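The values are calculated or read from the model by the stated rules, or taken from the named source; none is laboratory data. Please read all numbers here as calculations on a predicted model, not as lab measurements. Neighbour counts are summed over all protein chains in view; Cβ atoms, including those assigned to glycine, are modelled from backbone coordinates with ideal geometry.
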Amino acid sequence: MSASVLFERRGNLALVTVNNPPVNALGQSVREGLLEAFRAAEADAQVEAVVLLCTGSTFMAGADIKEFGKPPQAPSLPEVVNAIEACAKPSVAVIHGSALGGGLEVALACHYRIARNDARVGLPEVKLGLLPGAGGTQRLPRLAGVAKALEMIVGGAPISATEAQRHGILDELFDGDLLAAGSAFAQRLLAEGRGVRRSGEQPVADAGEAAALLDAKRAEIHQRMPGLFSPLRCVAALEAAVQLPLAEGLERERELFRECLASPQRAALVHAFFAERQAGKVVGLAADTPTRAIASAAVIGGGTMGVGIALCFANAGIPVKLLEIDQTALERALQRARDTYAASVKRGSLSEADMARRLALLDGVTDYAALAEADVVVEAVFENLEVKRQVFERLDAVCKPGAILASNTSSLDLDAIAAFTARPQDVVGLHFFSPANVMRLLEVVRGAQTSDTVLATAMALGKRLKKVAVVVGVCDGFVGNRMVFQYGRESEFLLEEGATPEQVDGALRAFGMAMGPCAMRDLSGLDIGLAIRNRQRQSLPPQFPLPRVLDKLCEAGLLGQKSGAGFYRYPEGSRTPQPNPALAPLLEAASRERGIARRSLDDRYIVERCLFALVNEGAKILEEGIAQRASDIDLIYLNGYGFPAHRGGPMFHADQLGLDKVLARIREFHAEHGAWWQPAPLLERLAAEGRQFSDWEAGQ
């Protein structure tokens with residue numbers, strides 16, 4: 001028997017216990033052990049039922065990531081799952097923690113399933129560009145129906161044990177000891193004469209509605225997830241469950257699984273998965289670096305960003321004080337917080353009780369003295385260095401020794417901000433993205449004097465706030481905004497050269513971007529973009545011209561959504577962009593001023609101009625040590641800028657295209673458009689050596 005799976009006969013029950021910490025992943029030793037254990041149970045005449053459970057904090061939480069990308073080892077998970085279901089003695093899966101992916105597929109193969117009240121179950125394979133390949137697409141719709149199976153398999157999100165029981169996935173919920181609950185349930189089965197009940201032999205409950213449900217889901221995928229490969233294969237596999245006997249359905253599932261396995265999208269999504277794990281490993285920071293306790297927090301500034309950050313702390317169960325300049329501004333900020341939570345309650349994503357608990361953690365104040373005992377203070381005031389100076393001098397005077405002083409600045413020099421205090425070692429950047437209580441990305445900015453303990457604490461805090469925390473260095477715009485400046489600049493140059501906002505945005509949305517750059521500018525406000533642009537214009541030499549599009553629009557009072565029109569027109573009460581007839585003469589005027597003859601541009605050219613501007617700047621950022629590794633840049637763009645996950649991020653996408661090909665195009669753009677397109681030395685070096693961005697890491 002495998003060391004990862006323990007077998008014990010206790011009376012008339014076989015106890016099969018998976019012991020593969022930390023998450024009981026379904027590696028080769030576990031698969032082999034399960035197969036041997038169920039065969040042993042079947043061969044033992046004294047065994048009448050099998051109880052399957054796991055040690056530690058969770059049931060089997062999916063595949064073993066150490067096996068990703070390696071040749072498969074026998075036995076395969078489908079072989080194990082089919083053997084469990086075929087067992088002639090009734091089996092009970094006892095679930096605690098999470099039963100995800102292959103773990104849930106094993107549980108579905110057991111004849112009965114019980115779970116602790118706080119357990120979760122799910123089939124998240126679609127998030128890695130795959131589909132459940134060990135019977136999940138065939139057995140789940142037979143238990144829960146096609147509608148619920150579509151939701152769980154195409155969406156990939158786990159559901160609670162309560163919901164799983166309601167939909168027939170679980171038979172019973174319990175509190176307390178796993179072994180006691182599992183043994184009692186198994187003995188009750190035997191006493192009541194209930195024997196084997198195979199999920200695969202049950203009919204699909206809502207088969208009559210299946211065709212309409214499947215068609216509707218396909219239409220939704222085409223509309224909301226254009227270009228994605230695995231979601232449509234998930235639907236096809238569920239269709240097989242409705243139309244085919246189990247054995248043929250399982251064969252079809254494996255065919256579709258192999259198609260997904262070979263898809264480039266799967267490689268990109270797996271890259272994104274590992275990038276998130278890698279980001280927590282900070283170059284030069286020892287794994288055992290001590291962290292400071294964060295039991296209370298404070299936020300300076302009650303605007304949209306400040307309130308969003310305060311809600312992040314409240315959502316994590318951390319008491320937080322929100323400071324504003326006066327009572328009127330404070331009440332406005334607190335009302336914004338109440339309104340945000342009320343909207344969540346209305347949507348059904350938050351209970352009234354949870355809203356009350358979180359609001360109770362939020363305390364509005366107008367006096368800096370109230371922040372004296374805060375463990376971390378986040379400044380989220382206007383993006384002006386003089387304003388930041390005033391805030392940090394006050395914080396330095398009132399905050400206790402050891403308090404972490406964080407700035408949410410998106411572009412200002414963190415080292416200059418730290419110098420406003422007598423404790424620069426305690427200053428760190430925490431750059432949240434708006435809306436802060438929704439967006440997952442957190443750029444953790446490491447200043448020149450930020451201590452290792454403060455940096456480690458900031459990363460741990462990011463995890464506690466359920467953020468994707470990525471360490472970046474100090475420069476104008478850090479990583480995300482520094483790169484997006486290049487992206488936005490090229491989109492505006494394209495408008496001056498002959499493209500329309502509809503064409504630019506359409507080309508990039510077709511590539512997979514969540515939003516086009518013109519619509520994104522309208523959302524954030526063109527005047528804000530112009531203010532940043534004017535600041536940059538003062539320091540740029542003449543060989544780095546800037547487009548005049550924003551100037552023209554702002555001069556005409558077209559500021560974006562807030563003024564009702566910008567690159568697009570927004571009818572009153574609507575955020576849906578409509579063509580703006582006032583734009584064409586402004587674009588033509590900008591073209592004339594720069595001496596450009598407008599021309600027709602194709603979509604591929606538009607995408608390459610915008611994306612390769614990102615890549616070239618990303619290469620410079622890597623070489624400067626602002627980002628630790630290319631996958632960190634990818635993670636920032638996947639979680640903060642709407643880059644399509646199935647493309648893996650801008651640097652991964654460039655690797656897949658081939659850096660030699662990317663460099664060749666950048667050199668062409670350099671010849672056409674001048675200094676902005678000077679190829680990054682790192683890109684030239686890697687391309688010459690036949691290497692990839694993924695081969696490079698800070699300090700090499």
Any helices (runs of 4 or more DSSP H) falling wholly within the range 605-679 and containing at least 3 residues that are hydrophobic (A, V, I, L, M, F, W, C) and more than 26 Å from VAL471 (Cα to Cα): 659-673
Residue within the range 389-406 that is assigned to a strand (DSSP E or B), free of Cβ contacts under 8 Å to residues at least 60 places away in the same chain, surrounded by 12 or more Cβ atoms within 10 Å (Cβ to Cβ) and in the same structural domain as ILE309 (by TED's automatic domain parsing) present: yes
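Table: residues versus (1) assigned by TED's automatic domain parsing to the domain that holds SER183; (2) assigned to a helix (DSSP H, G or I); (3) more than 15 Å from LEU15 (Cβ to Cβ); (4) in contact with a Pro (Cβ under 9 Å, 6 or more places away or on another chain).
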residue	(1), (2), (3), (4)
LEU35	yes, yes, yes, yes
PHE38	yes, yes, no, no
GLU42	yes, yes, no, no
VAL47	yes, no, no, no
LEU52	yes, no, no, no
THR58	yes, no, yes, yes
LYS66	yes, yes, yes, no
PRO72	yes, no, yes, no
PRO75	yes, no, yes, no
Residue that is touching a residue at least 24 places away in the same chain (Cβ under 8 Å) and closer than 27 Å to HIS653 by Cα, where the choices are ALA262, ALA279: ALA279
Residue satisfying condition, being buried (at least 19 other Cβ atoms within 10 Å of the Cβ), modelled with pLDDT of 95 or more and more than 17 Å from GLU608 (Cβ to Cβ), within set LEU682, LEU663, LEU659: LEU682
Residue ID - farthest from PHE693 (Cα to Cα), chosen from residues in the range 620-670 that are of a type in the set (D, E, K, R) and in contact with a Gly (Cβ under 7 Å, 6 or more places away or on another chain): ARG647
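This table checks each residue for (1) aliphatic (A, V, I, L, M); (2) surrounded by 17 or more Cβ atoms within 10 Å (Cβ to Cβ); (3) closer than 21 Å to LEU128 by Cα.
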residue: LEU26; (1), (2), (3): yes, yes, yes
residue: ALA41; (1), (2), (3): yes, yes, no
residue: SER57; (1), (2), (3): no, no, no
residue: MET60; (1), (2), (3): yes, yes, yes
residue: LEU77; (1), (2), (3): yes, yes, yes
residue: ALA86; (1), (2), (3): yes, no, no
residue: ALA93; (1), (2), (3): yes, yes, no
Residue satisfying all of: in the range 305-331; under 24 Å from VAL387 (Cα atoms) and exposed (fewer than 15 other Cβ atoms within 10 Å of the Cβ); nearest to the chain's Cα centre (by Cα) among these: GLU331
Residue match in the range 7-14 (condition: at positive phi, of a type outside the set (Lys, Arg), at pLDDT 95 or above and assigned to a loop (DSSP other than H, G, I, E, B)): yes
Only one of GLY195, GLY227, GLY145 that is in contact (Cβ under 8 Å) with a residue 40 or more places away in the chain and buried (at least 19 other Cβ atoms within 10 Å of the Cβ): GLY145
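Matching residues to (1) in contact with a strand residue (DSSP E or B) (Cβ under 9 Å, 6 or more places away or on another chain); (2) of a type in the set (A, V, I, L, M, F, W, C):
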{"residue": "THR55", "(1), (2)": "yes, no"}
{"residue": "GLY62", "(1), (2)": "yes, no"}
{"residue": "LYS66", "(1), (2)": "no, no"}
{"residue": "LYS70", "(1), (2)": "no, no"}
{"residue": "VAL94", "(1), (2)": "yes, yes"}
